[in-house]
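Participant: Before anything else, here's the structure in question.
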Amino acid sequence: MSNKFNMLTAAVVAASAFTTFSSQAEMFWSDNSISGLINAGDYEVAGNDDITVVTLEHASGHNWGDLFFFADRLDYKGDSKNADAQETYSELAPRLSISYLTDSKLEFGIVSDVFVATAWEHSTYSSAPFDNSFDNYLVGVGADLKLPGFAYANINVYQANNEQTDNDQQLTFVWGMPFSLGSADFTFDGYIDWSSAQDTHASDFHFNPQLRMDIGKYWGVPKKFEAGVEYSFWHNKFGIAGLDDESVISWMVKIHL
């Protein structure tokens, strides 16, 4: 039986579990937002001078677990060295709480819950005459962590079924940390991804934090409008061995809907 079949079977089982428990689902919180970013430096792989990114994002917590989704629309502006290109990249990542499944609180040390973690990565890239798209499916285990000063922190370990490259393992750490300086309120959040090396690709590491200030509070709508910066550091981007490390700052605004 192929790895792809095993991964798809696991994804179907997870989806069935979510459907089974949907009648008892209860939402505790949710957040929807749209962000705009423009780079202040050059990315690796795509060397276009101007790249704009619009991101739609959803995050929610439920009695059965949590759900995260985002979709990036990237527009690579043509210049003297690079052609126009467009890409849509999205991730859908539901996690099913083991505490919910077993009807007992699974908590120990800094771990507040354990999850069946799943993810679907989808990408399209178009720069005539080159077109590329992929669907990757990830299944693994995750944990929520209780860390001082953090609003949330979780870690997930996945087995990935990759459409374009050899399957690998991925480790993802996600965090969010609110803080204040004087009357100004900030959020420092982001993620770290690490993927293992395989025959068709090198191991890669991506550190992607954001620092945003709540500017909506000065207009009487706190936690609605934010402005700040995003930083991207990527070693062996897309698993391409020997690629120069990416180190790019982007200016950004974020609106919570």
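The values are calculated or read from the model by the stated rules, or taken from the named source; none is laboratory data. As the structure is a prediction and not an experimental result, all values here were calculated from the model. A quick note on method: Cβ atoms are made from the backbone with ideal geometry, for glycine too, and the neighbour counts reach across all protein chains shown. Calculation scope for accessible area: heavy atoms of the full protein, side chains included, ligands and nucleic acids excluded. Shrake-Rupley method; radii C 1.70, N 1.55, O 1.52, S 1.80 Å.
Participant: Given the conditions (1) surrounded by 15 or more Cβ atoms within 10 Å (Cβ to Cβ); (2) under 30 Å from residue 221 (Cβ atoms); (3) of a type in the set (Gly, Ala, Ser), report the number of the one that residue 195 does not fulfil.
Facilitator: (2)
The rows are residues; the columns are (1) open to solvent by less than 30 Å² (accessible area, probe 1.4 Å); (2) in contact with a Cys (Cβ under 8 Å, 6 or more places away or on another chain); (3) among the β-branched types (Val, Ile, Thr); (4) assigned to a strand (DSSP E or B).
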| site | (1), (2), (3), (4) |
| --- | --- |
| 158 | yes, no, no, yes |
| 166 | no, no, no, no |
| 187 | no, no, yes, yes |
| 213 | no, no, no, yes |
| 217 | no, no, no, no |
| 223 | no, no, no, no |
| 234 | no, no, no, yes |
| 238 | no, no, no, no |
| 253 | no, no, yes, yes |
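Participant: Hey, can you tell me all the residues within segment 217-254 that are of a type in the set (A, V, I, L, M, F, W, C) and under 18 Å from the mean Cα position of the chain (by Cα)?
Facilitator: Here is the first cut: in segment 217-254, the residues of a type in the set (A, V, I, L, M, F, W, C) are 219, 221, 225, 227, 229, 233-234, 238, 240-241, 243, 248-249, 251-253.
229, 233, 234, 238, 248, 249, 252, 253, listed by residue number.
Participant: Can you name the condition, by its number, that residue 162 falls short on among (1) farther than 17 Å from residue 67 by Cβ; (2) open to solvent by 30 Å² or more (accessible area, probe 1.4 Å)?
Facilitator: Going through the list (1) farther than 17 Å from residue 67 by Cβ; (2) open to solvent by 30 Å² or more (accessible area, probe 1.4 Å), residue 162 breaks only (2).
Participant: Please count how many residues of segment 231-257 are among the basic types (Lys, Arg) and modelled with pLDDT under 95.
Facilitator: Going through segment 231-257, the residues among the basic types (Lys, Arg) turn out to be 237, 254.
From what's left, modelled with pLDDT under 95: 237.
Selection size over segment 231-257: 1.
Participant: For segment 93-107, what are the residues that are among the acidic types (Asp, Glu) and either under 25 Å from the mean Cα position of the chain (by Cα) or under 13 Å from residue 143 (Cα atoms) (or both)?
Facilitator: Within segment 93-107, just 107 meets the criteria.
Participant: Follow-up question, since we're still on this one. Cβ-Cβ distance below 6 Å, separation of 6 or more or different chains: which pairs start in segment 217-243 with a residue that is farther than 30 Å from residue 205 by Cα and end on one that is assigned to a loop (DSSP other than H, G, I, E, B)?
Facilitator: That search, which allows pairs on different chains as well, returns 225/215.
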